[in-house]
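The values are calculated or read from the model by the stated rules, or taken from the named source; none is laboratory data. Because the structure is a prediction, the values reported are computed rather than measured. In this analysis, Cβ positions are derived from the backbone assuming ideal geometry, glycine residues included, and neighbour counts consider all displayed protein chains.
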Amino acid sequence: MKAPLLETFTRLITNTGPISVSHYMAESNAHYYGGRDPFGAAGDFITAPEISQMFGELIGLWLADIWIRAGRTEPVHYVELGPGRGTLARDALGAARRYGLDPRVHFVETSTSLKALQLEMHPQAFWHADLSTLPSDGPLLIVANEFLDALPVRQLVRTAAGWRERMVGLDEGRLVPVAGTAPMEVAVPTSRRDAPEGTILEISPASAAVVYEVAGRLATQGGAALFIDYGHAEPRFGSSLQAVRAHRKVDVFSAPGEADLTAHVDFSALAPIALSRGVRWLGTEEQGHWLRSLGIDARADALAAAAPLHAEAVRTARDRLTGEGQMGALFKVMGITAPDWPDGAGFERTD
């Protein structure tokens with residue numbers, strides 16, 4: 001028996017023709033996140049806040065440090081996009097409060113299942129369906145960890161006839177990628193249009209819209225934002241769309257709505273969008289470098305000394321977050337601030 005969403009897609013494509021990869025990804029993830037807790041060993045994947053408290057604590061210290069140096073403006077708001085179970089917020093806010101930063105808490109969340117978990121841990125928080133209802137009465141301290149990667153991407157493919165949108169069609173009852181028929185040259189940057197036949201270019205208008213809105217808010221209200229995700233800081237070609245279920249990669253098109261669909265974040269495309277709103281781009285650093293700059297090694301040593309029985313687990317978690325062959329190099333941290341806010345720790349500015 002087909003899964004409900006697979007059946008829906010099959011019927012839709014049969015009746016109306018192929019759908020875009022963006023449509024497929026958006027509907028699949030809305031279904032996936034709408035009714036489950038996907039995190040942890042019993043779920044489909046583990047994020048950095050679930051690996052170790054050190055991750056959230058260092059983010060909280062980063063926010064407290066930059067807020068203090070910006071003048072301790074009140075009221076101030078902590079905003080997290082896609083906060084998962086609320087683990088990162090718990091650790092970040094706990095660390096920040098030790099230095100006087102006790103912000104109002106806002107979560108941008110659309111999953112009712114995850115909202116219920118967040119409510120247990122943060123009963124004082126305010127929830128928003130999108131950024132439009134965030135408060136406007138003070139600076140925003142915004143954190144988005146593994147949020148952008150789940151937003152839908154458009155895929156463009158270079159065919160013999162030119163650039164076309166990559167679509168999802170049917171082949172003997174199976175969902176498969178196919179090239180569309182409408183010319184798409186206008187959506188491809190001029191410098192990249194001469195790529196060889198078969199080349200795939202991913203773009204994410206949804207991610208661009210989020211960064212554009214966040215940057216606009218910071219320019220108007222003050223504050224800072226951290227975008228942390230796996231992706232690349234330089235432009236590249238190729239499909240990065242993947243599906244994960246029970247901690248294993250599975251076929252992207254086999255079970256829509258039953259696996260987490262993600263794509264690598266193109267930070268090189270997002271930085272100019274942020275700058276267009278007049279904010280300051282602090283840089284895009286590898287997660288391992290950024291965490292080490294903030295003192296994760298010293299924090300790991302302190303935790304290991306305080307709980308010797310857990311010392312090996314602490315160091316293993318540290319290595320997983322910072323290691324070149326693990327999350328340290330694949331994950332990036334992009335920082336932006338309001339025009340009159342100071343530099344943030346961990347970013348090596350070149351200007």
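Just a few scattered comments:
- Condition check for Asp149: more than 25 Å from Glu57 (Cα to Cα) and either part of a loop (DSSP other than H, G, I, E, B) or under 18 Å from the mean Cα position of the chain (by Cα) (or both): no
- With respect to the conditions (1) at pLDDT 95 or above; (2) surrounded by fewer than 22 Cβ atoms within 10 Å (Cβ to Cβ); (3) not in a strand (DSSP E or B), Trp127 lacks only one, and its number is (3).
- Residue within segment 121-137 that is among the β-branched types (Val, Ile, Thr) and touching a helix residue (DSSP H, G or I) at 6+ places or on another chain (Cβ under 7 Å) present: no
- Some residue of segment 82-90 being among the charged types (D, E, K, R), in contact with a Leu (Cβ under 9 Å, 6 or more places away or on another chain) and without any contact (Cβ under 8 Å) to a residue 60 or more places away in the chain: yes
- Scan of segment 304-327 for residues that are surrounded by 20 or more Cβ atoms within 10 Å (Cβ to Cβ) and touching a His at 6+ places or on another chain (Cβ under 9 Å), ordered by number: Thr322
- Test: residue in segment 98-106 that is assigned to a loop (DSSP other than H, G, I, E, B), among the acidic types (Asp, Glu) and either more than 18 Å from the chain's Cα centre (by Cα) or closer than 26 Å to Glu213 by Cβ (or both): yes
- Answer from Glu74, Glu120 - the residue that is in a loop (DSSP other than H, G, I, E, B), modelled with pLDDT of 95 or more and more than 25 Å from Tyr230 (Cβ to Cβ): Glu74
- Single unsatisfied condition, Gly278 versus (1) in a loop (DSSP other than H, G, I, E, B); (2) buried (at least 17 other Cβ atoms within 10 Å of the Cβ); (3) modelled with pLDDT of 95 or more: (2)
- Within segment 174-223, being β-branched (Val, Ile, Thr), in a helix (DSSP H, G or I) and buried (at least 16 other Cβ atoms within 10 Å of the Cβ) holds for Val210, Val211, Val214.
- Residue in segment 148-166 that is polar (S, T, N, Q) and more than 18 Å from Tyr24 (Cα to Cα) present: yes
- Within segment 295-351, tally of residues that are under 21 Å from Asp149 (Cβ atoms) and of a type in the set (S, T, N, Q): 2
- Single unsatisfied condition, Val143 versus (1) surrounded by 13 or more Cβ atoms within 10 Å (Cβ to Cβ); (2) at pLDDT 95 or above; (3) farther than 25 Å from Ala48 by Cβ; (4) β-branched (Val, Ile, Thr): (3)
- Residue that is modelled with the highest pLDDT, among those in segment 44-69 that are within 24 Å of Arg299 (Cβ to Cβ) and part of a loop (DSSP other than H, G, I, E, B): Ser52
- Looking across segment 242-261, just one residue is part of a loop (DSSP other than H, G, I, E, B), surrounded by 14 or more Cβ atoms within 10 Å (Cβ to Cβ), out of contact with any Leu (no Cβ under 7 Å at 6 or more places or on another chain) and among the hydrophobic types (A, V, I, L, M, F, W, C), and that is Ala259.
- Residue in segment 100-107 that is surrounded by fewer than 19 Cβ atoms within 10 Å (Cβ to Cβ) and at positive phi present: yes
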